[in-house]
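Quick note: the coordinates plus some simple rules give every number you see, no bench work behind them. Being a predicted model, the structure only gives us computed values, none of them experimental. Positions of Cβ are backbone-derived with ideal geometry, glycine not excepted, and every protein chain shown enters the neighbour counts.
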Amino acid sequence: MRVLIVGAAGQVGTELVSCFPDDDVIAARRSDADLTDTEAVRQLVHAVHPDLIVNCAAFNAVDRCETEPELAMAVNATAVGVLAEAASRCDAHLVTLSTDYVFDGTKPEPYVESDMVNPRSVYGQSKLAGEVLAGHDSTIVRTSWVCSRTPPNMLLTVLRLLGGDDTLRFVDDQIGCPTFAADLAGVVAELGRRRHAGIVHVANEGSVSWFQFVQEIARQAGHDPSRVEAISTADLVPPRPAPRPANSVLASEVLATLGIAPLRDFREPLRELLSSLL
Ligand SMILES: NC(=O)c1ccc[n+]([C@@H]2O[C@H](COP(=O)([O-])OP(=O)(O)OC[C@H]3O[C@@H](n4cnc5c(N)ncnc54)[C@H](OP(=O)(O)O)[C@@H]3O)[C@@H](O)[C@H]2O)c1
């Protein structure tokens, strides 16, 4: 199989490259094709002629998306449609990554694939538009709070902050599932191999607030967790431009039907990653 990974330098893309040991992997970065350049994207797919395309690229800066909505739509939506069209021309299957931010966060329970979407931010709206443009034949993998050894991400930011003396303040009223890119990539690859059509939620088990997650990082990294202070979203100075869902815990009603085990509790891959980083 020829596998084209788009966004191969990002967190998920970096881990995904090693998930196809028996296949011919082409790892494309922004320098190979900028997703805002439709013709370059078409040419890349045409030249590679893949059996499978996995799109891990995104304009992920949630707050910047509020002030750069055209760029958000170009990268997170229009480019996904271009990839879907180019994939169908060479009979390739497309897998594209999406986000928990397609939900408004008002549901008191975890969100499953069939739940109604209602994104509150430009980022969430652009990713939802990307889901639609991916089309019914593609795999859409929604995930959340991604961490890995590849910067930038919250885990690496927290480790840097813990290296200083300051108190760390994190919100205790946004709850989600921290997800480790290496665990996520294995399931993304499996769904791609199966050419699964439809939306699948893939996140590590265990839901926490950002405050609880950062306390867990501090604890596991050998720092005093009481250095982490809980605040509410309303206390953030300055306030963040993009609204975040209060609850974006993802659960899956699809993975079990495919015989794919849920990802393990996030505390395990956190431990593994910290032991290799520290
Ligand atoms: N990170 C999270 O917490 C999170 C949460 C939920 C869902 N997701 C979704 O999961 C997927 C993977 O996320 P990630 O954390 O691996 O993202 P990431 O680390 O930010 O990587 C994204 C990659 O996309 C590339 N990219 C951005 N704009 C591009 C453009 N115009 N043309 C070509 N490449 C471009 C970036 O290249 P440069 O390095 O050159 O900028 C980067 O390598 C994305 O679809 C994201 O929306 C992520």
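Within region 164-179, count every residue that is part of a loop (DSSP other than H, G, I, E, B) and more than 17 Å from residue 147 (Cβ to Cβ). Count: 6.
Among 80, 75, 122, 132, which is the only one that is touching a strand residue (DSSP E or B) at 6+ places or on another chain (Cβ under 9 Å) and either within 13 Å of the ligand (Cβ to nearest atom) or of a type in the set (A, V, I, L, M) (or both)? Write out each step before concluding.
On the way: 75 fails: touching a strand residue (DSSP E or B) at 6+ places or on another chain (Cβ under 9 Å); 122 fails: touching a strand residue (DSSP E or B) at 6+ places or on another chain (Cβ under 9 Å); 132 fails: touching a strand residue (DSSP E or B) at 6+ places or on another chain (Cβ under 9 Å).
Result of the check over 80, 75, 122, 132: 80.
The number of residues in region 204-247 that are within 23 Å of residue 159 (Cβ to Cβ), small (Gly, Ala, Ser) and under 22 Å from the mean Cα position of the chain (by Cα) comes to 3.
Among the residues of region 248-261, write down those that are in contact (Cβ under 8 Å) with a residue 24 or more places away in the chain and more than 16 Å from the chain's Cα centre (by Cα). Before the answer, list the steps.
Here is the first cut: in region 248-261, the residues in contact (Cβ under 8 Å) with a residue 24 or more places away in the chain are 248-255, 258, 260.
Once the filter is applied, which keeps residues that are in contact (Cβ under 8 Å) with a residue 24 or more places away in the chain and more than 16 Å from the chain's Cα centre (by Cα), region 248-261 yields 253, 254, 255, 258, 260.
Going by the conditions given, is residue 14 in a helix (DSSP H, G or I), more than 9 Å from the ligand (Cβ to nearest atom) and either surrounded by 16 or more Cβ atoms within 10 Å (Cβ to Cβ) or of a type outside the set (Phe, Trp, Tyr) (or both)? No, not satisfied.
Per the conditions (1) more than 14 Å from the ligand (Cβ to nearest atom); (2) among the small types (Gly, Ala, Ser); (3) under 16 Å from the mean Cα position of the chain (by Cα), the sole criterion not satisfied by residue 148 is (1).
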